[in-house]
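Take a look at the structure below.
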Amino acid sequence: MTDIIQLLPDNIANQIAAGEVIQRPASAVKELLENAVDAGATEIQLIITDAGKSLIQVIDNGNGMSETDARMAFERHATSKIKVIEDLFKIKTMGFRGEALASIAAVAQVELKTRKAENELGSFIEIENSIVLKQEPCAYNVGTSISMKNLFFNVPARRNFLKSNAAEMRHIVDEFIRVAMAFPQIFFSLNSNGQQVFYLEAGNLKQRIIQILGNQYNAKMVSVHEETDYMNIYGFVGKPETAKKTRGDQYFFVNSRFIKSAYLNHAVNGAFENMIAKDSFPSYVLFIDLDPAQIDINVHPTKQEIKFEDEKIIYAFVQAAVKHALAQFSIAPSLDFTLNAEIQNLEAVNKPFTAEKKEAASSSNLFKTFTQKNQAHFIEKNDKNELKHWKDFYESEKQEVKSEKLEFEQKTINSPFSFLHSQFIQLHNTYIIAATNNGFILVHQQLAHERILYEKFSAASHGQQMPAQKSLFPISLELAAADAVLLEELLPDLSVIGYQIEPFGSNTFVIQASPADVLQGNEKNSIELLIEQFKHFSSDVKFSKREKLIRCMSRQQAIKAGQNLSQKEMQTLVEELFQCTTPNSTASGAPTYLEFKEDYLDRMFGK
Ligand code: ADP
Ligand code: MG
């Protein structure tokens, strides 16, 4: 019998481990930027070629590395940031797992130049496939430059898995923004294919937010600032008028680390209750600082999720702090009395949270009512609400199957109707009643129009070019850099459905023409809304970019419930609906009309 178990060679073990840390160019960007921050840099430059597929370079003026450290840095589990396990509970740096450089060296061709201030000469190292090809002294400034070329050159399967340049670039910009937002005192720049995308002078948080999110936030931010012995929160929330129809500019940082937390997001949304429409999302950039022992950031290799020792207190604190800020700036005058009382009594805000106090507080009535409202099932419910607009994308599979069946049944039985043409009746500015030869149908105007537009846009995307109308005055559209990258990516698909949009340098675009069906004067809004909606998509959604775009557009452009329609408009709507190949439901499976047949009506009346 021969033994069959072998130890994996280092380079293969590293490649496998790399899979966890480096999924795409943007993950490498995040790790390299964080290393530069940890090294105490005050200036950090990011240089990208081909969305990071050819080159990712980070140049910093931080501490640099000694010759030995430069070599050691690429070993797996090599870190200067923790020594003993207890250190895990007092992490003040962004990195600590000692995996990033080893992973990067396993899946790319890496060149490192680095020098410490006390050394006259720096070190140069060339490494690929975890093998050091060259190591020699070199002249270099104080600091570090790491270039990472041809990511996944030795793992073709993963290279093929990468998305389009525009999509990968968008991920890079997201990661760049998350790091740059957290460290406004550091200069950051981002250069992509020779073009300056960001140039962020060092400054304060407010300046950084405006640099990144755009000047429209100036004068529209409310400062949040609360300190207790247990934790501090600071940052800004957008005034209610900056709320967006989809989750837009929402940033949470815990100890300077960007995190995704539906739970904390819910806390902020709650603070805006009754101030913004139910289906819109507040903008915010919030920082929570607390004792690292109170959190576990080691729950995920990329450290974007963390566990709090006591989540409920954080929730209550965040919500109270935001409410307080809004009240102080009299954004929420109607809340004044009750809110102040509530906040004053709120233990999490007022008192340092020692263990005994925590104990006492959690038995107090206020605390109980406060937390009871925020139990998990509440939050789940709201999470679904947030996705309401997108339920077609998330629940599509299920619904598609259902609606196909429905379509089949209804088509054979009902369609086409012969209408008794004379009259259409609009009810509640939402429903249209149309008499048919054997009963009547009740059409939902918004859903019906959504179906009509969906089929028009789909037809356009299959070659029947959509008629476009030239804008009388070309409309210019100035976007935040990240949004510009996204719009650039959507341009070809937009042109198919009749939008003629041209890049006009430095994140500006000009809308030359829009689909003939789109209301003139509304072009700019509709593109901005589209971008917002797109940002909201998670990448694992199964629809193609074009399908998402079409669904977004048809939903967005549909006549809304509540709009008064003339006889002529109702007639056109109903006629166009029944010219559709699938008139009876929207793309996401909501019914567009209900039919009431005479015999059914008779039965209902016992006739
Ligand atoms: P971690 O950041 O988790 O410690 P990395 O693999 O990212 O692990 O880096 C390994 C080590 O290399 C770091 O602990 C640090 O000492 C050193 N290092 C990495 N990047 C830089 C840099 N830009 N400047 C100075 N030292 C660096
Ligand atoms: Mg690191």
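Of the lysine pairs in the stretch 10-203, how many meet both conditions: Cα atoms under 20 Å apart, and a spacing of 8 or more in sequence or different chains?
So the count of such lysine pairs works out to 17.
Taking the Cα centre of the stretch 418-607 as the origin, how large is its charge dipole in debye, to the nearest 20, when only Lys and Arg (+1) and Asp and Glu (-1) carry charge on their Cβ atoms?
With Lys and Arg at +1 and Asp and Glu at -1, about 300 debye.
For q = 0.10, 0.12, 0.14, 0.18 Å⁻¹, what log10 I(q)/I(0) does the stretch 10-203 give under the Debye formula with an equal point scatterer on each alpha carbon and no solvent?
Taken in order of the listed q values, log10 I(q)/I(0) reads -0.38, -0.55, -0.76, -1.30.
Could you tell me the extents of the stretch 26-93's C-alpha atoms along the three principal axes, largest first, rounded to whole Å?
That works out to 41, 26, 25 Å along the principal axes.
Lysine pairs, Cα distance under 21 Å, 8 or more residues apart or cross-chain: how many in the stretch 422-568?
15
Post the alpha-carbon centroid distance, the stretch 18-78 to the stretch 154-207, in whole angstrom.
Centre-to-centre (Cα) distance: 13 Å.
So for the stretch 10-203, taking the charge dipole from beta-carbon charges (+1 Lys/Arg, -1 Asp/Glu), which of Q15, L32, G122 sits furthest toward the positive end?
In the stretch 10-203, that residue is Q15.
Cα centroid distance between the stretch 136-153 and the stretch 456-518, in Å?
Value for the Cα centre distance between the two parts: 40 Å.
Put +1 on the Cβ of every Lys and Arg and -1 on every Asp and Glu Cβ in the stretch 45-125; which of I48, L88, Q109 then has its Cα farthest towards the positive end of the dipole?
The Cα lying farthest towards the positive end belongs to L88.
So what's the projected area for the stretch 155-293, the Cα convex hull averaged over all directions, in nm²?
Value for the stretch 155-293: 11.3 nm².
List, in order, the whole-Hz ³J(HN,Hα) value for each residue of the stretch 496-501 obtained from phi through the Karplus relation with A = 6.51, B = -1.76, C = 1.60 and θ = phi - 60°; use x for Gly and Pro.
4, 8, x, 8, 10, 10
Using DSSP, restrict attention to beta bridges with both residues in the stretch 224-330 and report what percent are antiparallel, rounded to the nearest 5.
75 percent
Using only Cα atoms, what is the ratio of the radius of gyration of the stretch 468-521 to 2.2 N^0.38 Å?
For the stretch 468-521, the normalised Cα radius of gyration is 1.08.
Give the long-range amide H neighbours of V254: residues separated by 5 or more places, or on another chain, with amide H under 5 Å away, using H modelled in the peptide plane at 1.01 Å from N.
I259, I288
Once the Cβ-Cβ distance between S54 and Q464 is put in as r, and R0 is 30 Å, what FRET efficiency do you end up with, to the nearest 0.05?
It comes out at approximately 0.20.
Report the Cα centroid-to-centroid distance between the stretch 278-299 and the stretch 545-606 in angstrom, as an integer.
42 Å
Could you pull the Cα extents of the stretch 179-219 along its three principal axes, largest to smallest, in whole Å?
The principal-axis extents, from largest down, are 34, 21, 14 Å.
Net charge within 14 Å of A13 by Cβ-Cβ distance, Lys/Arg positive one each and Asp/Glu negative one each, not counting A13 itself?
-3
How many Å³ per residue does the convex hull of the Cα positions in the stretch 418-607 occupy?
Looking at the stretch 418-607, the number lands at 138 Å³ per residue.
Values in this text are rule-based calculations from the coordinates and carry no lab data. Owing to the predicted nature of the structure, the values given are computational and were not obtained by experimental measurement. Positions of Cβ are backbone-derived with ideal geometry, glycine not excepted, and every protein chain shown enters the neighbour counts.
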